[in-house]
Amino acid sequence: MTRSITPDFSTFEVPMDTWSEPFWQAGARGETHMPRCLACGTFRWPAGPFCPECHTQPVEWVAAGQARLYSFTILPVRGAEPDAPPAWRIPALVEFDAAPGVRLVSVLVDADPAHVAIGDRVEVVWQPAASASVPLFRREDAE
Amino acid sequence: MARNPLRDRVAIVGIGSSPYGRDLQRSELSLGLEAAVNAIADAGIDRQEIDGICGSGMTSLAMGNAGFLSLQGALGIERCTWGKNGWLGSALVYTVEAVFSGLCDMALLVQANVRSPGMSRAAARDPFRARAAQFAGIGGDVGLGDFAKRWIHSGEPYAAIMRRYCHDFGVNKDAFAMLAVNTRSYGALNPEAVFQSPLSLEDYHASRMVWDPMQVADMDVPCDCAEALVITTAERARDLNVKPVFVHAMALGGTRIGEYYENFAGWRDNSFQVSMSGLWDRSELRLPDIDLFYPYDGYTMDAIAITEAAGYCGIGEATDYFRTSWDSSRNILMLDGRVPVLTDGGGLAHGRAGGANLYAEAARQLRGNLGNRQVPGAQSALIGIGSFFHDPAAVILRA
Ligand SMILES: [Zn+2]
């Protein structure tokens, strides 16, 4: 069975600023951290200078916990050759048990499109890009 | 009740269109000018009476294409005291604001569209639309370089939201199918529609899967087209030799998720809900007073969410509601047994006009004499145009 593709991020320059840089630093260690407001505990994503809930600035970065699929779509990827085998890309929205309210736009890689469902437990796969690694996900029970 | 000082004080007095076609080999400006010339002639005014122009585009001051400044120059309009670009639902709202506030008295609204490479494979191969390269990478048209917004095409979050809708409410795609079939039934009555052939519910389900679960029949049909409206004060409208269509109430709608599609916060916290509730806060009319309904159908998911936001049924209830509203002899929706939906064929059949087709069709219906698709006696229209996240408008027009 053909599995979903891993897009090529090798030339992708990851944009980052003061507020998002810790996310990428944790990613370089293979960890997924999310910013939580020091005053009210609200997670803030995308990372930014003010808490939308209380307008406080400082955050602490905490482990995001178990990741799950909030939703996804499956699209066929056409190969260069007309008779190339079918392939799919699966853009996905991922949620985290320990970072409520956060959703990450990503790609579900190495998945059988016929066996993917909302709520599936997924694990991060940090994929090298031009200036940092980017977080992709795979189903936990994928062999 | 919110304030609504503009109630019935501004009117649409001119309506003009260009042809709609899959590949007219024409520029946005050329299409926009044709619609504008037709709208000015329809209003029966001297073009030099126009003193405000709303052109086409997401960027309010951008020049080129069918932007307001390009239109003014090409139409030879001497003086404008107001100008801006707009798109989707907001363009009409901006134009009405300008007339009501007094920055201009006779405004021209032009919305032109051409197929873009990101919207169809045929266009991507077409050297006439030489922007294909920017969609080939992983940046894309939504969110630009921000990794957090890393969708390649707006169809992806919409497909993910559609999947979530079916999951959250435990429904299949029957409501989506009925909406799509409804528009194609009207397309068969509209000589300008890109799709003149009707679609069956079976055809819908058999249509090509694009972004699973979204099928090609869930997506508006990319085309080249333009619509134009002439908008003025109710006082000036009375002196013209046309039947005015009055703007009764309107609202935009923004939410705290801002432009971050992925932070979609659920079915109550989206732009459709905010714009529709803002509209009802500004009108004494209620759904039983509405004769025509135009929910934007860039994606079927939009139209279903707008139907629910308007209050025709509860959130997540469109499937059962559409089943009870289905006229199987004509393959159309008749909400509450009497309100037709997207009578021009919408974006799904008439063509991808960014909702400008819906404003034009509603105004034409309220004037009357629209031939075999005229809804007899229609006095009011409810229009919802925009996306879950940006540029939504809710508007009531009345005869
Ligand atoms: Zn806070």
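The values are calculated or read from the model by the stated rules, or taken from the named source; none is laboratory data. Owing to the predicted nature of the structure, the values given are computational and were not obtained by experimental measurement. Neighbour counts run over all protein chains shown; Cβ positions are idealised from the backbone, glycine included. What goes into the accessible areas is simple: the full protein's heavy atoms, side chains included, and nothing from ligands, DNA or RNA. Shrake-Rupley method; radii C 1.70, N 1.55, O 1.52, S 1.80 Å.
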Please tell me if A:P86 is in contact (Cβ under 8 Å) with a residue 12 or more places away in the chain and open to solvent by 40 Å² or more (accessible area, probe 1.4 Å). yes
Examine region A:18-25 for a residue that is under 17 Å from A:S106 (Cβ atoms) and free of Cβ contacts under 8 Å to residues at least 60 places away in the same chain, and state whether such a residue exists. yes
Long-range neighbours under 6 Å by Cβ, at least six apart or interchain, first residue within 14 Å of chain B (Cβ to nearest Cβ) and within 14 Å of the ligand (Cβ to nearest atom) within region A:29-41, second modelled with pLDDT of 95 or more and in a loop (DSSP other than H, G, I, E, B): A:M34/A:A64; A:M34/A:A99
Only residues that are under 14 Å from A:Q57 (Cα atoms), more than 16 Å from the ligand (Cβ to nearest atom) and open to solvent by 40 Å² or more (accessible area, probe 1.4 Å): list them for region A:9-28, please. A:T18
Go through B:T232, B:T307 for me and flag whichever is in a strand (DSSP E or B), of a type in the set (S, T, N, Q) and modelled with pLDDT of 95 or more. B:T232
Just the residues that are of a type in the set (G, A, S) and within 11 Å of another protein chain (Cβ to nearest Cβ), please, taken from region A:42-73. A:A47, A:G48, A:S71
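For every residue, the table says whether it meets (1) closer than 28 Å to B:A309 by Cβ; (2) over 21 Å from the mean Cα position of the chain (by Cα).
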position	(1), (2)
B:S185	yes, no
B:F195	yes, no
B:V230	no, no
B:E235	no, yes
B:L252	yes, no
In region B:3-26, the residues that are at pLDDT below 95 and touching a Lys or Arg at 6+ places or on another chain (Cβ under 8 Å): B:R22, B:D23
Search result, residues across region A:45-56 that are near the ligand (Cβ under 9 Å from one of its atoms) and either under 20 Å from the mean Cα position of the chain (by Cα) or surrounded by fewer than 17 Cβ atoms within 10 Å (Cβ to Cβ) (or both): A:F50, A:P52, A:E53, A:C54, A:H55, A:T56
Does any residue in region B:330-348 that is in contact (Cβ under 8 Å) with a residue 60 or more places away in the chain come within less than 7 Å, Cβ to Cβ, of a residue that is surrounded by 24 or more Cβ atoms within 10 Å (Cβ to Cβ) and among the acidic types (D, E) six or more places away or on a different chain, and which pairs are these? B:L342/B:D297; B:T343/B:E361; B:D344/B:E361; B:G346/B:D297; B:G347/B:D220; B:G347/B:D297; B:L348/B:D220; B:L348/B:D297
Given the criterion open to solvent by 30 Å² or more (accessible area, probe 1.4 Å) and over 29 Å from B:G384 (Cβ atoms), identify the matching residue among B:R79, B:R9. B:R79
Look through A:S71, A:S133 and report the one residue that is open to solvent by 10 Å² or more (accessible area, probe 1.4 Å), more than 16 Å from the ligand (Cβ to nearest atom) and among the polar types (S, T, N, Q). A:S133
Being open to solvent by 40 Å² or more (accessible area, probe 1.4 Å), within 11 Å of the ligand (Cβ to nearest atom), of a type in the set (D, E, K, R) and over 25 Å from B:E156 (Cβ atoms), is that true of even one residue in region A:57-65? no
Selection over region B:241-280 where residues are closer than 20 Å to B:C313 by Cβ and part of a loop (DSSP other than H, G, I, E, B) yields a count of 6
